[in-house]
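The values are calculated or read from the model by the stated rules, or taken from the named source; none is laboratory data. Everything numeric in this text was worked out from a predicted model, so none of it was measured. Neighbour counts run over all protein chains shown; Cβ positions are idealised from the backbone, glycine included. Areas reflect the complete protein model, heavy atoms only, side chains present, ligands, DNA and RNA absent. Shrake-Rupley method; radii C 1.70, N 1.55, O 1.52, S 1.80 Å.
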Amino acid sequence: MKQILLIEDEAGISQMITVQLKMFGFNVHEATDAKTALSTNKIESIDAIILDWMLPDEEGPNLIPKLRQRTDAPILMLTARSEMVDKLTGFEAGADDYLTKPFDMMELIARIKALIRRSGDSNEDEKITTIKYKGLTLNLETRRVEVDEEEIELTPTEFTILEIMIKKPGVVFSRNQLIELVMGYEYEGYGRTLDSHIARLRSKLEIDVKSPEYIITVFGIGYKLGK
Ligand code: CA
C-alpha cells in the first residue's frame, strides 16, 4: 500500500482528501502542522507528500528543505489561487508539482499516481493494474477500457465513474455520493450532468441501453454496477 503524508490544517479539506485517497487504495498519514509532519512515524517510507502552502506554524515552501532531509518522496503543493504568484518560489524550494485550490479530486489522485510512478523506486507491492467485471476490463495504469476485448474510448470522467463502480460491484451509489467521489466536492445541481455522463457511459458499454447489463439504475437512489 502506498503511503501518503498529507500536511493540511483545514480539517474539511484534509478529511475530503483522505477519504478519496483511501478509496483509491492509499494509506494516509495526516498532519495539521509542520511540527507534526516532521515527526511522522517512519517518514522515510512515505511514497508521496501533499503539502498545503499555508500552515499554522510554517509556510509550505520553508518546510520542503526540512522534509527533504528526511525523505526523497515527491511533494505536491496545494496553493490557494491568491498564492499562485508565489509558485516560482515553491518550485525553487523543491516542490515537484502544484495544484491550485479548489481542485478536482480526480486531478489530485492522477497527479499523486503520476508522481509516485515518476519517482520510480517505490516498492511495487501493489500491482493491481487491471480490474475485470464480466466482459469489462479496466487498466488503471493506461486507463484503457475493453468491452468483450474491444477497446472503447472513455472521457476521464466516464473512466472515473466506471473505476469507482467496478471496484464495488453490486454496491449502490447514490447520485450525491458519485458526484462527490468524481468531482471531489458536492456540487449543487450537478445531478443532471452526472446522469448524462452515465448515459454516455452506457451507450459505450451496453449492448442494449434499455436493458443494461453493467450500469443499473436503482430507482430513487442512484446507480450500481451489475445486478
Ligand atoms: Ca492551510
Task: Accessible surface of the chain, 1.4 Å probe, proportion on carbon and sulfur as whole % - done: 50
TODO: Using only the Cα atoms of segment 3-122, build the gyration tensor, take square roots of its eigenvalues as a ≥ b ≥ c, and label the shape rounded, prolate or oblate: rounded if a/c is under 1.5, else prolate if a/b is larger than b/c, else oblate.
DONE: rounded
- [ ] Enumerate the amide H contacts of Val28 below 5 Å, restricted to partners 5 or more residues apart or on another chain; note that Pro and chain-start residues carry no placed amide H.
- [x] Ile4
TODO: Assuming R0 = 35 Å, can you tell me the calculated FRET efficiency for the pair Ser196 and Leu38, based on Cβ-Cβ distance, to the nearest 0.05?
DONE: 0.15
Open item on the list: I'd like to check one number: the per residue accessible area of the chain, probe 1.4 Å, reported in Å² as a whole number.
Closed with: 52
TODO: Using a 1.4 angstrom probe on the protein heavy atoms only, line up His29, His197 by accessible area, largest first.
DONE: His29, His197
- [ ] Please report the Cα spread of segment 125-225 along all three principal axes, rounded to whole Å, starting with the longest.
- [x] 35, 35, 23
Task: ³J(HN,Hα) computed for each position of segment 71-76 - Karplus, 6.51 cos²θ - 1.76 cosθ + 1.60, integer Hz, glycine/proline x - done: 8, 9, 4, x, 10, 10
- [ ] Work out from phi, with θ = phi - 60° and the Karplus expression 6.51 cos²θ - 1.76 cosθ + 1.60, the ³J(HN,Hα) of each residue of segment 134-148, listed in order in whole Hz, and give x for Gly and Pro.
- [x] 6, x, 8, 10, 10, 9, 6, 6, 8, 6, 9, 10, 10, 10, 6
TODO: Quick one: give the max-minus-min coordinate of the C-alpha atoms of the chain along each principal axis, largest first, in Å.
DONE: 57, 38, 28
Task: Residues of type lysines that Lys132 reaches as a straight line, Cα spacing below 26 Å, ignoring anything fewer than 8 places off in the same chain - done: Lys2, Lys22, Lys113, Lys167, Lys168, Lys204, Lys210, Lys224, Lys227
